Amino acid sequence: MGEKKKSLLNIHSYAELARERLASGKLFTPGPDEAQPFIRMELMEKFFNLCRANSLWPMTFGTACCAIEMMSLGMARFDMSRYGFEVFRPSPRQSDLMIVAGTVNRKMAPAVITLYEQMTAPRYVIAMGNCAISGGPFAVSENYNVVEGVDRLIPVDVHVPGCPPRPEGLLEGMLRLQEKITGTRYPFPQHNPPTEKG
């Protein structure tokens, strides 16, 4: 048979790349095609980071039971929208935050990498729950199909432990991500706790 014909639309699949990474056990390393700014100005970068931290758009993406806790974070009781996290997007091309909520198995690994690489840069990842962090209760030799930590596939910025973690735990993880992006706990003072008089 002849050579494999390349797509004229320049569309390719990351499935083979995911299989290679999974077989090698190596962490994700950005390739030479990873977007880098042409000119970097410190003051402008600080301003952009402030804007990015206060308008994180998570992707509508859940792999297991932790996704239920992620959904409840958007409800009125926890109200993630006051911190600028509320807009869950249906497409990775409109998202800059992936919350890996639950177990990732080998069959799902190519899809996770594909979604990550389709996200807009700069992009961030939160590993939510013990299964996403280390395989959780499924990390046994008999259960060969579970990826023991999503950081074997893609880089993770914040880990939120728990089985499953409460919505407050995920909110804390998102605030930690804000702190990692900007260097300050509350980039804009949305949280004003009462002060004691006296």
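The values are calculated or read from the model by the stated rules, or taken from the named source; none is laboratory data. Since the model is a prediction, treat every value here as computed from it, not as a measurement. Don't worry about glycine lacking a Cβ; one is built from the backbone with ideal geometry, like all the others, and counts go over all protein chains shown. With ligands, DNA and RNA removed, areas are computed over all heavy atoms of the protein, side chains included. Shrake-Rupley method; radii C 1.70, N 1.55, O 1.52, S 1.80 Å.
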Suppose the filter is open to solvent by less than 30 Å² (accessible area, probe 1.4 Å) and either touching a residue at least 60 places away in the same chain (Cβ under 8 Å) or closer than 21 Å to residue 178 by Cβ (or both); does residue 73 pass it? yes
Filter the range 117-168 for residues that are touching a residue at least 60 places away in the same chain (Cβ under 8 Å) and in a helix (DSSP H, G or I) and give the result. 117, 131, 132, 151, 152, 167, 168
Restricting to the range 62-98, name every residue that is closer than 18 Å to residue 122 by Cβ and either touching a Lys or Arg at 6+ places or on another chain (Cβ under 6 Å) or part of a loop (DSSP other than H, G, I, E, B) (or both). 84, 85, 87, 91, 95, 96
When every residue in the range 130-173 that is of a type in the set (A, V, I, L, M, F, W, C) and open to solvent by 50 Å² or more (accessible area, probe 1.4 Å) is compared, the one farthest from the chain's Cα centre (by Cα) is 140
Look at residue 109 and say whether it is in contact with a strand residue (DSSP E or B) (Cβ under 7 Å, 6 or more places away or on another chain) and open to solvent by less than 20 Å² (accessible area, probe 1.4 Å). no
Residue hits (the range 57-72; under 16 Å from residue 172 (Cβ atoms) and touching a Phe, Trp or Tyr at 6+ places or on another chain (Cβ under 8 Å)) are 58, 72
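Being out of contact with any Pro (no Cβ under 9 Å at 6 or more places or on another chain), of a type outside the set (Lys, Arg), more than 27 Å from residue 152 (Cβ to Cβ) and modelled with pLDDT under 80 is the requirement here; does residue 7 meet it?
In short, yes.
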